[in-house]
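Just below is one structure, and these are the notes that go with it.
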Amino acid sequence: MKRLKNMENKHFSYDKAISRIEEILQVLESGEKGMDELSELVKEAAELVKQCKGKLRMTEEEINKALNQEDDN
């Protein structure tokens with residue numbers, strides 16, 4: 001499983017982040033990893049969720065701006 005790094009850069013991929021979160025959930029559900037690794041995976045998933053929420057907010061703002069510009073024309 002590859003780990004997504006530097007997710008805050010302009011190349012952030014929402015779809016890749018969601019895919020990685022799903023991978024992490026599968027590992028967590030399997031119960032096959034030790035506590036230290038699980039802790040790191042949970043931290044990674046939490047950061048990915050945070051970044052996904054930010055991307056969604058940004059996308060919503062862009063859509064609202066576009067719709068407002070359309071209304072002005």
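Using the average count of surrounding beta-carbon atoms within 10 Å as a protection proxy, the listed peptides 58-70, 11-23 rank, highest first, as 11-23, 58-70.
Structure note, pairs K43/K65; K16/K50; K16/K65: Cα-Cα distances above 22 angstrom occur for K43/K65; K16/K65.
Please report Rg over Rh for region 14-72, where both radii come from the alpha carbon positions and Rh follows the Kirkwood definition.
Values: Rg = 16.7 Å, Rh = 13.3 Å.
So for region 14-72, dividing Rg by the Kirkwood Rh gives 1.26.
The simple spin-label model puts a point 7 Å past each Cα toward its Cβ; for K16 and E29 those points are separated by 2.4 nm.
Which order do peptides 48-55, 28-35 fall in by mean Cβ count within 10 Å, highest first?
48-55, 28-35
Any read-out appearing in this document is the output of simple, stated calculations on the displayed coordinates, not a laboratory observation. Treat the numbers as computed from the prediction; the structure is a model and nothing was measured. Ideal geometry is used to build each Cβ from the backbone, glycine not excepted, and the neighbour counts take in all protein chains shown.
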